[in-house]
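Asks: Sending over a structure as structure tokens; questions will come in a sec.
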Amino acid sequence: GGALAGLLTYLRTEPTALTTEIGHLVIFPPFQRTHVTTNAVGLLLIHALEVPKKGGWGMRRVQWTAAPNNKPSVRAGERMGFKWEGVLRNLRPMLGEKEDVRTTGKGEKRETFKPGAKLDILTREGDPLPGVPSWDTAFLSLCWVDYDRETLDKMMARTS
């Protein structure tokens, strides 16, 4: 038997628009910096981008999103062939957060999502979610015109 290495899924799949997103990617520590992420994301890309007669969905666009300061996630997407498109500001509320800052696991402050943001911005009068900061989101995409199955197969041949 094997061990559970992590999880990932498709999100926001829109069959009529031929788009989907790969997300909620979590690879457990013993499997990080191994072939696991490459193979897991590669399998989802193949299934999403190959045409139906080759066993895929025939999507034209696959998205990858991350917090802009989550450099490992952004790099992972770029390594898999996703192209940087930009940052959408204030895309999603960060329920449960009280500051516009993330911390490391040790409580140390990381970069802010919106440099220079002040807490009073989060308490504007009449705001439907008073005191709740918003999440800026980096967008990357891999479109069918840039998809290269041969290169992806070579990347996925790595087993360690």
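Asks: How many Å² of accessible area per residue for segment 22-103, probe 1.4 Å?
Replies: On the way: 4670 Å² over 82 residues.
Per residue, segment 22-103 has an accessible area of 57 Å².
Asks: Provide Arg75, Arg149, Arg33 ordered by accessible surface of protein heavy atoms (probe 1.4 Å), highest first.
Replies: Ranking Arg75, Arg149, Arg33 by accessible area, largest first, yields Arg33, Arg75, Arg149.
Asks: Then there's this: Which of rounded, prolate, oblate describes segment 5-101, given a ≥ b ≥ c as roots of the alpha-carbon gyration tensor eigenvalues and a/c under 1.5 marking rounded, otherwise prolate only if a/b is larger than b/c?
Replies: The shape class here is oblate.
The values are calculated or read from the model by the stated rules, or taken from the named source; none is laboratory data. All values reported here derive from a predicted model rather than from experimental measurement. To get the accessible areas, we keep the full protein, side chains included, count just its heavy atoms, and leave off ligands, DNA and RNA. Shrake-Rupley method; radii C 1.70, N 1.55, O 1.52, S 1.80 Å.
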